[in-house]
1. Mind giving me the nanometre distance, one decimal, between the label points for GLN111 and MET168, set 7 Å out from Cα along Cα→Cβ?
2. Residues of the stretch 76-196: accessible area per residue at 1.4 Å, in Å²?
3. Give me the percent of Cα-Cα pairs in the stretch 87-196 that sit more than 24 Å apart, rounded to a whole number.
4. Can you give me the solvent accessible area of THR66 with a 1.4 Å probe, rounded to the nearest 10 Å²?
5. Once you keep just the Cα pairs under 8 angstrom separated by 6 or more residues, what percentage relative contact order results for the chain?
6. How much solvent-accessible surface does ASP59 expose, in Å² to the nearest 10, with a 1.4 Å probe and all protein chains in place?
7. Could you tell me the convex hull volume per residue, in Å³, taken over the Cα atoms of the chain?
8. Give the relative contact order (percent, whole number) for the stretch 86-196; include only Cα pairs under 8 Å separated by 6+ residues.
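The values are calculated or read from the model by the stated rules, or taken from the named source; none is laboratory data. In this text the structure is predicted, and so the values were computed from the model without any measurement. Every residue, glycine among them, receives a Cβ derived from its backbone with ideal geometry; neighbour counts consider all protein chains shown. Surface accessibility is based on the protein's heavy atoms, side chains included, excluding ligands, DNA and RNA. Shrake-Rupley method; radii C 1.70, N 1.55, O 1.52, S 1.80 Å.
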Amino acid sequence: MMKQILTLMVLGMMTACNEGGKNGNNIEVEIKTVEGTIIAELYPDKAPESVKAFLAIADKGLYKRTHFYRILSGDNQPSNAPKAELIQGGLWSRTKARPDLPRIPHETTQQTGLTHAEGTLSLAREEPGSASSEFFITLSDLPGFDFGGENNADGQGYAAFGKVTRGMDIVRKIYRKPETDQYFDPPVMIVDIQRR
């Protein structure tokens with residue numbers, strides 16, 4: 001009888017871990033856009049500062065009626081630059097000032113163990129520690145965005161903090177939208193970002 005109880009407990013723990021992906025502490029979010037919904041899981045155990053900041057903005061409703069506004073593709077980057085494929089969104093707008101938000105401590109992929117594989121959510125930044133509300137989703141594996149990669153002169157890479165688990169078809173649909181000089185024309189609305 002004791003052996004059966006232990007077996008059931010172990011199975012229960014395994015199921016709980018599987019439901020949360022790699023870890024039962026992972027947090028699922030819905031990125032609702034006018035093109036459809038993207039489901040992603042965030043990794044607070046691996047990238048606690050990035051996840052905390054992203055969720056704080058989402059929980060305040062600040063991502064409501066914002067946009068995916070930028071695209072990097074093989075066709076719109078200088079020929080001598082390391083190429084990237086991504087869509088970028090957040091609070092930035094050509095017409096409105098972004099709210100003054102705290103800067104997020106930079107969590108490198110060397111620290112977190114995450115990489116910029118296809119479907120990764122990561123924080124946009126200028127210098128390390130300057131990220132706040134802007135994020136991007138990768139359309140392909142981008143090792144140049146990891147710590148030590150060639151896409152940042154400072155070698156610190158970007159701060160990956162989550163991954164798309166459903167809705168990469170929506171990400172690709174947005175990626176194919178018209179653009180001018182790396183900006184979607186028009187931007188693609190993010191209806192809201194919410195925890196599931």
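1. 2.8 nm
2. 50 Å²
3. 27 percent
4. We get 10 Å² for THR66.
5. After rounding, I find 30 percent.
6. 90 Å²
7. 129 Å³
8. Here the relative contact order equals 26 percent.
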